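Trainee: First the structure, which I've put down as structure tokens, then a few questions once you've had a look.
The values are calculated or read from the model by the stated rules, or taken from the named source; none is laboratory data. What you see is a predicted model, and the numbers here were worked out from it, not measured in a lab. Here the Cβ is made from the backbone with ideal geometry for all residues, glycine too, and neighbour counts use every protein chain on show. These area figures cover heavy atoms from the full protein model, side chains too; ligands, DNA and RNA do not enter into them. Shrake-Rupley method; radii C 1.70, N 1.55, O 1.52, S 1.80 Å.
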Amino acid sequence: MKKTKQLFAGLILMAFGLGTAQAEYTLNLMKGVTKVSNDIYDLHMLILWVCVFIGIGVFGTMFYSIYHHRKSKGHQAAQFHENTTVEIIWTIIPTLILIGMAIPATKAMVELDDVQESEMSIKVTGHQWKWEYEYLDNGLHFFSSLDEASNKVRQVGSGIDPRSVPHYLLNVDKPLVIPTKKKIRFVFTAADVIHSWWVPDLGWKKDTIPGFINESWTSVDEPGTYRGQCTELCGKDHAFMPIVVIAMNEPDYNAWVEKQKAAIAAEAGSASKQWATEELVAKGKTVYEANCSSCHMADGAGLAGTFPAIKASPVVIGDINAQVKLMLNGKGMMPAFGKMLSAVDFAAVVTYTRNGLGNSVGDSIQPSAIQTLQSATPAADKNE
Amino acid sequence: MSAVVAEHDDHHDHHDHGPAKGLLRWIITTNHKDIGTLYLLFALAMFFVGGAMAMVIRAELFEPGMQFVNPQFFNSMTTMHALVMVFGAVMPAFVGLANWMIPMMIGAPDMALPRMNNMSFWMLVAGVLLLASTLFMEGGAPASGWTLYPPLVLQTGKALPFAIFSVHLLGISSIMGAINIIATIFNMRAPGMTLMKMPMFVWTWLITAFLLIAIMPVFAGAVTMLLTDRFFDTSFFDAAGGGDPVLYQHIFWFFGHPEVYVMILPTFGVASTIIPVFARKPLFGYSSMVYATAAIAFLSFIVWAHHMFTVGMPIAGELYFMYATMLIAIPTGVKVFNWTATMWKGSMTFETPMLFSIAFVVLFTMGGFTGLMMSVAPVDFQYHDTYFIVAHFHYTLVPASVFILMAAGYFWLPKWTGHMYDERIGRLHFWLSVISVNVLFFPQHFLGLAGMPRRIPDYAVQFADWNMISSIGGFIFGVSQLLFLYIVIDTIKGGTGEKVTAEVWEEAAKHSLEWTLPSPPPYHSFTTPPTVIPTEHI
Amino acid sequence: MKEGVTQKNAKLVRILVFVVLGMFGFGYALVPLYDVLCEVTGLNGKVESSAIKEVSYEVDKNREITVEFMTSLNEATPMVFRSEINKLKVHPGEYYTVNFYAENKTDKVMVARAIPSISPGAVAEFFKKTECFCFSEQTFKAREGRTMPVRFVVNPELPEKYKTITLAYTFFDNTETSVKK
């Protein structure tokens, strides 16, 4: 059955011409790509085998007994009910096994804990429901959320086959890029609720806690793309905030950093041009679907009691500057989008909500105006 | 098979000083058997309610993509499934067993505090109904997991205060039940029934009752702090006011870890009661069983933070909680070895209660193995919050606690009703359950190791195959339980029609006092204390 | 005998109810206990929430420790918040002052509180602050921006293995709760 399903999945992929097949599922823990993750894997295998051997012993004895010591075979019940020697043995042996396990476990724990002498630092902030990455050494700063293709498919009753999307739910719009062979320190915090950052190939996960920081580190030897997910229940879209880490050789990484810096400059340019309302509405629709629809719903109807509707909302059909301000700074569960969206995206989505989703206010706001408002915020590095 | 009087008999007369007639009997009853029946039937009903929620979860997870429910409702389902199963099904079922069996096992006429007994049952019903009503409130039922972690839980809609009050009611109900059990065991034992002659079920419940008294108030305190954080501007768990969300996790798991033992210790007790009867041998190592139970209960108080290895504790904390947690394997191992030794060289027969008990020993041990694996902190950095832990605790709860509750049902139904259940259907129920429960939960180990987080309504496609298999197992398991419902109803109505003896199972009276009473037993169990105390089990 | 049992039950119930109440209290007692534990062990990177007196240490010129400064804003806290420098190399025992800048971006008065957190947690007890804006709630007038100093010293007894310390502040908008109070 598995084979036919894989074949089926493969055929669909080919039919859609989407190239690479999905990652093979595994039965066992993955080895990962760091020394720590390999040590953890070895420890996992050690304990697994210990359990298997104890299991064979205990279950073997039990099933031997079940087979031979049954009444239907005429076995007479013995009447012993204690044996101090045996009882001491089966207390001592497990104790020794546990000590044998504790030693390598302690070593791995100490290794994992040592965040000192890192070569670069990345701050990771958990948001409902996206990740924010900040490179403390070169100032790069961006948000990373579920890719658009997965986001379309994962809407309730979308009817689209998830197998048609490469890396369904494990792909993001902007991956985290790190250099290989460097000790990288991660500092974790969160802006709203607790999240947890997990890339299995790196060998660990760490909770991100609002108001507090946590640290961990990694050093990846081989270039590659490593995928993970949020692992602490963080609300409605907990399943939809994946993590993608791309490890690159040092020169590739440096080139990537330069490209990002150039893109920021280009973005600043496009924000200063004059945009037509239709252009903004068209662009705003995609921005809305990527950033707003998970709470306010794709049709702007909201979710009664939790997320207000966009359609006929007093904020959206009221004063445009008040709406911009609310979106810049956030309110309650509404995140502050001022630092999450570029000026162009921000202006586009504001214009879209006022002229789409059943509203027709008719006005618009220019990206340049947003840029002025944002520029007061140094943290508002553009994310494109 | 057991000794059964094969004589058809269909008169349903009651005893001389019987209960009040009609519905009122069940509302005002202070009789330990009536209250035990109420608890057990309520727990069975909640088992199906919680099970229906599990079916919703498995249906959504049958295939990748979102087919049936929205993510918020899915989270409500996982949360409510856990709360209903823990507080509505497993705990009340064991309280029901305690009510029925403890007075009969220690030779008492009734529970020590009968009126409080009645109150604690109705409070349980009120608590569960209040909890269920949150499903229909604006913003939906709590969706932050049964652990109710802040700050997420504070985003719950209108349901939050109701959910918290329901936890209060459930807590008070459990505490009253626990006090009653302690008072009964301490003060109502028949002459000659010394503590070290008590059946294991009574012993495990005594220890469990003390656990409940120690932890339920702490949980009540934690949720009260949530309530004041949300409505009265305190900031116990709110970093903005100088609080700490991780503090909640510490308090919760100080309650939560002993709480999982509240569900497993009486399980151990029932298993230690059933296995010797069908092995026709005394329980191996009675006193080491008592000490192991006490040791597990003690350890449960000092290992809580192993649920929180990834919150960023200092390394000394991580190591301490790792070592302490590993220690639990020792007394737990002793128990498993003792059960095996009890079977060794016995003269075993395999009626349904014994089948469920053997499955319990094997499958609980598998849950124990994964528990041991997760006690190792660095490796838990991978396992934590994945389907691996989901598989682990379901192995220790479903084919352990729930199977033993089924075993207890089959074991004592003939005693309670005076009728024999249909052994053929019982075995069918067993085989369907034991196969489907493994199809349901075993693949979840693979899913967790391969990287599937828990509490997600949708997943990457490489997890699709095992999820589908797991769901199929889940549906079969769910449907199979209807057989149990049928058997319970059928047995109450007369079962196979055989009239059972007082002893029901061969030589059971050598093991415990309840088998010296007629089946069904008189309305008040031992109006005159028994003269002979069975000692076969020690 | 019947009388005896009733009395024994009543006595036992009294004791057990007392235990229950005690455990409820214990739940609350865990809150201050946890704070004490945090300060002693540096659990969760909590740091002392009040200023210490300035005492002089012997400055260890041979040792250099990097202190990183990190600023965050909680969701829906409309502010600008940054440190003037990202990192500073310090000698244990010497006092340093680092400025942080925070600005209220709304047209209303804002009461905000900065929550400090330090990593690695074990360093917390060696990291002493004589002055910090995090010791109390800060009130900002509409659109007000302000530079606020943090003065600190790293105790020279800090174990050798620590070479990098991260000091993080997260600002929370507490206007609503402080208005209620």
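Trainee: Residues of the range C:91-105 with amide nitrogen under 16 Å from the 7 Å Cα-to-Cβ point of C:Met148?
Mentor: Residues passing the 16 Å test: C:98-105.
Trainee: Pull up all non-local amide H partners of A:Ala301: gap of 5 or more, or a different chain, and H-to-H distance under 5 Å with H placed in the peptide plane.
Mentor: Those lying under 5 Å, H to H, from A:Ala301 are A:Ile310.
Trainee: Quantify, in whole percent, the carbon and sulfur part of the accessible surface of the protein assembly as shown (1.4 Å probe; protein heavy atoms only).
Mentor: 64
Trainee: Could you size up the charge dipole of the protein assembly as shown around its Cα centre, putting +1 on the beta carbon of Lys and Arg and -1 on that of Asp and Glu, and report it in debye to the nearest 20?
Mentor: Its charge dipole is roughly 1160 debye.
Trainee: For the range B:259-307, count all C-alpha to C-alpha pairs, find those more than 16 Å apart, and express that count as a whole percent of the total.
Mentor: 47
Trainee: Please report, in whole Å, how far the alpha carbons of chain A spread along each principal axis, starting with the longest.
Mentor: Here the spans come out as 93, 52, 43 Å, largest first.
Trainee: Cα-based Rg (one decimal) and Dmax (whole number) for the range C:87-173, in Å?
Mentor: Spelled out, the Cα radius of gyration and Dmax of the range C:87-173 are 14.8, 48 Å.
Trainee: Mark the label point 7 Å from the Cα of A:Asn28 along Cα→Cβ and return the residues of the range A:219-263 whose backbone N is within less than 19 Å of it.
Mentor: none
Trainee: Given +1 on the Cβ of Lys and Arg, -1 on the Cβ of Asp and Glu, and no further charges, what dipole in debye does the range B:470-538 carry about its Cα centre, rounded to the nearest 20?
Mentor: Here the size comes out at about 220 debye.
Trainee: What are the extents of the Cα atoms of the range A:273-376 along their three principal axes, listed from largest to smallest and rounded to whole Å?
Mentor: 39, 27, 24
Trainee: Amide H neighbours of A:Ala190 under 5 Å, counting only residues 5+ apart in sequence or on other chains, H built in-plane at 1.01 Å?
Mentor: The list, which skips near neighbours in sequence, is A:Gly126, A:Ile209, A:Gly211, A:Phe212.
Trainee: Grab the other residues whose beta carbon is less than 9 angstrom from that of A:Gly211, score K and R as +1, D and E as -1, and report the net.
Mentor: Every neighbour counted, the sum reads -2.
Trainee: Continuing with this model, one more query. From the mean inverse distance of alpha carbon pairs (Kirkwood) and the Cα radius of gyration, derive Rg over Rh for the range A:189-252.
Mentor: With Rg and the Kirkwood Rh in hand, the quotient comes to 1.02.
Trainee: With the crude spin-label approximation of a point 7 Å out along Cα→Cβ, what separation in nm comes out for A:Lys182 versus B:Ser287?
Mentor: 6.6
Trainee: Also: Given Cα positions, please report Rg to Rh for the range B:35-516, the hydrodynamic radius being the Kirkwood one.
Mentor: 0.95
Trainee: Can you work out ³J(HN,Hα) from phi for every residue in the range A:243-260, in order, using Karplus 6.51 cos²θ - 1.76 cosθ + 1.60 and θ = phi - 60°, giving whole Hz and x for Gly and Pro?
Mentor: Result, rounded to whole Hz: 10, 10, 10, 10, 9, 10, 4, 3, x, 4, 4, 4, 4, 4, 4, 4, 4, 4.
Trainee: While we're looking at this one, here's another question. Cβ under 11 Å from B:Phe309's Cβ, B:Phe309 left aside: what net charge do those residues give with Lys, Arg +1 and Asp, Glu -1?
Mentor: On the way: positive: A:Lys205, A:Lys206; negative: A:Asp207, B:Glu318, B:Asp380, B:Asp385.
Result for the neighbourhood of B:Phe309: -2.
Trainee: Just from the alpha-carbon atoms, what are the Rg and Dmax of the range A:120-266 in angstroms?
Mentor: In order Rg, Dmax, the Cα atoms of the range A:120-266 give 15.3, 44 Å.
Trainee: Near A:Thr180, within a Cβ-to-Cβ distance under 10 Å, what is the net charge of the other residues, with Lys and Arg +1 and Asp and Glu -1?
Mentor: Local charge sum for A:Thr180: -2.
Trainee: In vacuum, with every alpha carbon of the range B:360-507 counted as one equal point scatterer, what does the Debye formula give for log10 I(q)/I(0) at q = 0.16, 0.21 Å⁻¹? Two decimals, please.
Mentor: Here the Debye-derived log intensity ratios amount to -0.86, -1.21.
Trainee: Using θ = phi - 60° and the Karplus relation 6.51 cos²θ - 1.76 cosθ + 1.60, list the HN-Hα couplings for the range A:28-41 in order, rounded to whole Hz, with x at every Gly or Pro.
Mentor: Calculated HN-Hα couplings, in order: 10, 4, 7, 5, x, 10, 10, 5, 4, 5, 5, 4, 5, 4 Hz.
Trainee: With a point put 7 Å past each Cα toward its Cβ, work out how far A:Val86 is from B:Thr30 in nm, to one decimal.
Mentor: Taking the simple label geometry, A:Val86 and B:Thr30 are separated by 4.8 nm.
Trainee: Over the alpha-carbon set of the protein assembly as shown, work out the extent along each principal axis and list the three values in angstrom, largest first.
Mentor: The Cα atoms of the protein assembly as shown stretch 97, 70, 55 Å along the principal axes, largest first.
Trainee: From the Cα trace of chain C, what convex hull volume per residue do you get, rounded to a whole Å³?
Mentor: 177
Trainee: Now for a separate question. Per-residue mean of other chain beta-carbon atoms within 10 angstrom of the beta-carbon, peptide B:134-141? Let's see the in-between values first.
Mentor: Details: counts 0, 0, 0, 1, 3, 4, 3, 0.
Across the residues of B:134-141, the mean count of other-chain Cβ atoms within 10 Å is 1.
Trainee: So, one more: What angle do you read, to the nearest 10 degrees and between 0 and 90, between the alpha-carbon axis of helix A:277-291 and the longest principal axis of chain A?
Mentor: 20
Trainee: Now for a different question. For labels at A:Ser368 and C:Asn62 in the simple 7 Å Cα→Cβ model, what's the distance in nm?
Mentor: 6.2
Trainee: Return the sequence-ordered ³J(HN,Hα) values of the range A:85-94 in whole Hz as given by the Karplus equation 6.51 cos²θ - 1.76 cosθ + 1.60 applied to θ = phi - 60°, using x for Gly and Pro.
Mentor: With coefficients 6.51, -1.76 and 1.60, one gets 4, 4, 5, 5, 4, 7, 9, 5, 4, x Hz.
Trainee: What are the residues whose amide H is under 5 Å from the amide H of B:Glu503, where those residues sit 5 or more places off or on another chain and H is modelled from the backbone?
Mentor: Result for B:Glu503 returns nothing.
Trainee: Does the range B:400-477 come out rounded, prolate or oblate, given a ≥ b ≥ c as the square roots of the eigenvalues of its C-alpha gyration tensor, rounded meaning a/c under 1.5 and, failing that, prolate meaning a/b above b/c?
Mentor: Since a/c reaches 1.5 and a/b is larger than b/c, the shape of the range B:400-477 is classed as prolate.
Trainee: Then there is this: With the other protein chains left in place, how much accessible area per residue, in square angstrom, belongs to the protein assembly as shown at a 1.4 angstrom probe?
Mentor: 36
Trainee: Also, quick follow-up: Rg and Dmax of the range B:181-255, using alpha carbons, in Å: what are they?
Mentor: When restricted to the Cα atoms of the range B:181-255, Rg and Dmax are 19.2, 61 Å.
Trainee: Roughly how big is the range A:120-266's charge dipole about its Cα centre, with Cβ charges of +1 (Lys, Arg) and -1 (Asp, Glu), in debye to the nearest 20?
Mentor: 60
Trainee: Can you give me the angle between helix B:423-450 and the longest principal axis of chain B, using Cα atoms only, in degrees from 0 to 90, rounded to the nearest 10?
Mentor: 20
Trainee: Now, a different point. Please label the shape of the range B:31-156 as rounded, prolate or oblate, based on the square roots a ≥ b ≥ c of the eigenvalues of the alpha-carbon gyration tensor (a/c under 1.5 means rounded; beyond that, a/b larger than b/c means prolate, else oblate).
Mentor: Since a/c reaches 1.5 and a/b is larger than b/c, the shape of the range B:31-156 is classed as prolate.
Trainee: For helix C:2-41, what angle does its Cα long axis make with the longest principal axis of chain C, in degrees from 0 to 90 and rounded to 10?
Mentor: That works out to roughly 10 degrees.
Trainee: Mind telling me which of C:Gly145, C:Gly25, C:Gly121 comes out most flexible in a GNM of chain C, alpha-carbon contacts under 10 Å?
Mentor: In this elastic network of chain C, the residue with the biggest mean-square fluctuation among C:Gly145, C:Gly25, C:Gly121 is C:Gly25.
Trainee: Taking a quarter of the surface of the Cα convex hull of the range B:216-366, what do you get in nm²? Numbers along the way, then the final one.
Mentor: Numbers: hull surface 44.1 nm².
Approximately 11.0 nm², given one-decimal rounding.
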